[in-house]
1. Among the residues of region 37-48, which ones are among the hydroxyl-bearing types (S, T, Y) and either touching a strand residue (DSSP E or B) at 6+ places or on another chain (Cβ under 6 Å) or outside any loop (DSSP other than H, G, I, E, B) (or both)?
2. Out of (1) free of Cβ contacts under 8 Å to residues at least 12 places away in the same chain; (2) on the phi > 0 side of the Ramachandran plot, the odd one out for K49 is which?
3. Quick check, is R97 on the phi < 0 side of the Ramachandran plot and not assigned by TED's automatic domain parsing to the domain that holds R122?
4. Against the definition (within 26 Å of V157 (Cβ to Cβ) and surrounded by 13 or more Cβ atoms within 10 Å (Cβ to Cβ)), how does L38 come out, yes or no?
5. Taking the conditions exactly as written (closer than 27 Å to V174 by Cα, among the acidic types (D, E) and surrounded by 15 or more Cβ atoms within 10 Å (Cβ to Cβ)), does D73 satisfy them or not?
6. F67 - would you say it is aromatic (F, W, Y) and either outside the structural domain of S115 (by TED's automatic domain parsing) or in contact with a Leu (Cβ under 8 Å, 6 or more places away or on another chain) (or both)?
7. Do we find a residue being within 24 Å of S130 (Cβ to Cβ), over 19 Å from the mean Cα position of the chain (by Cα) and assigned to a strand (DSSP E or B) anywhere in region 5-23?
8. Restricting attention to region 90-109, report how many residues are over 21 Å from R180 (Cβ atoms) and either in contact (Cβ under 8 Å) with a residue 40 or more places away in the chain or out of contact with any Ser or Thr (no Cβ under 8 Å at 6 or more places or on another chain) (or both).
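The values are calculated or read from the model by the stated rules, or taken from the named source; none is laboratory data. Here the structure is a predicted model, which is why all the values come from computation and not from measurement. Counting neighbours? That spans all protein chains shown, and the Cβs are built from the backbone with ideal geometry, glycine included.
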Amino acid sequence: MKKASDVRKGDIVKVDGEPHIVEALSVQIPAARGGATLYKVRFRNLKSKRKADRVFRGDDILAEADFERRPVDVLYGDAEGMTFMDLQDFNQFTLARRDIEEEWLYLVEGLEGVSAVVSEGRVLGLDLPSLVNMTIVETPPAVKGGSATARTKPAKVHTGLVVQVPEHLENGDVIRVDTRTGAYFSKA
């Protein structure tokens with residue numbers, strides 16, 4: 001059991017008897033005296049992939065879901081799905097693209113730090129590292145001339161993801177992308 005005030009992004013709890021992962025969390029502290037702090041939580045159902053928004057008071061109790069995070073290796077993929085290997089028992093499994101749609105554009109062969117969320121012997125989803133290295137394959141050339149402002153331009157990486165990057169970056173550069181926001185983080 002976990003209090004709503006102790007819930008953090010990435011935690012997995014039961015909501016209406018189903019395992020949900022916390023995707024976003026905001027705290028609202030009322031200005032009136034005696035008002036209880038409210039926790040607005042956006043969940044994603046790990047089985048159906050549906051999103052749900054709920055509001056809790058700080059002392060509301062949430063049941064923790066029975067799950068396990070197991071390290072996996074990304075082996076290979078095609079247009080239909082991605083194949084992984086469990087690094088603890090070396091079993092291989094494939095997840096369909098529709099089941100990992102949000103993680104799809106960050107998955108590359110050999111990506112380290114990926115974990116599978118497993119409950120009752122079934123893989124419910126993936127837990128990605130915060131930052132991944134990606135290679136720019138298509139971006140317009142930088143415009144010559146000085147600028148006092150930091151300008152950005154769109155860049156397409158090898159997985160098809162498009163991110164806004166600083167203007168000086170070119171095709172072939174390796175960048176770090178934040179998987180939580182989908183934004184450019186730094187040059188690798």
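1. Just the residues of region 37-48 that are among the hydroxyl-bearing types (S, T, Y), to begin with: 37, 39, 48.
Selection gives Y39 alone.
2. Just one mismatch for K49, condition (1).
3. Working: on the phi < 0 side of the Ramachandran plot: yes; not assigned by TED's automatic domain parsing to the domain that holds R122: no.
The answer is no for R97.
4. Details: within 26 Å of V157 (Cβ to Cβ): no; surrounded by 13 or more Cβ atoms within 10 Å (Cβ to Cβ): yes.
It is false that L38 is within 26 Å of V157 (Cβ to Cβ) and surrounded by 13 or more Cβ atoms within 10 Å (Cβ to Cβ).
5. On the way: closer than 27 Å to V174 by Cα: yes; among the acidic types (D, E): yes; surrounded by 15 or more Cβ atoms within 10 Å (Cβ to Cβ): yes.
Yes; evaluated as a whole, the condition is true for this residue.
6. Details: aromatic (F, W, Y): yes; either outside the structural domain of S115 (by TED's automatic domain parsing) or in contact with a Leu (Cβ under 8 Å, 6 or more places away or on another chain) (or both): yes.
Against the criterion (aromatic (F, W, Y) and either outside the structural domain of S115 (by TED's automatic domain parsing) or in contact with a Leu (Cβ under 8 Å, 6 or more places away or on another chain) (or both)), F67 qualifies.
7. Checked region 5-23: no residue is within 24 Å of S130 (Cβ to Cβ), over 19 Å from the mean Cα position of the chain (by Cα) and assigned to a strand (DSSP E or B).
8. Number of matching residues: 5.
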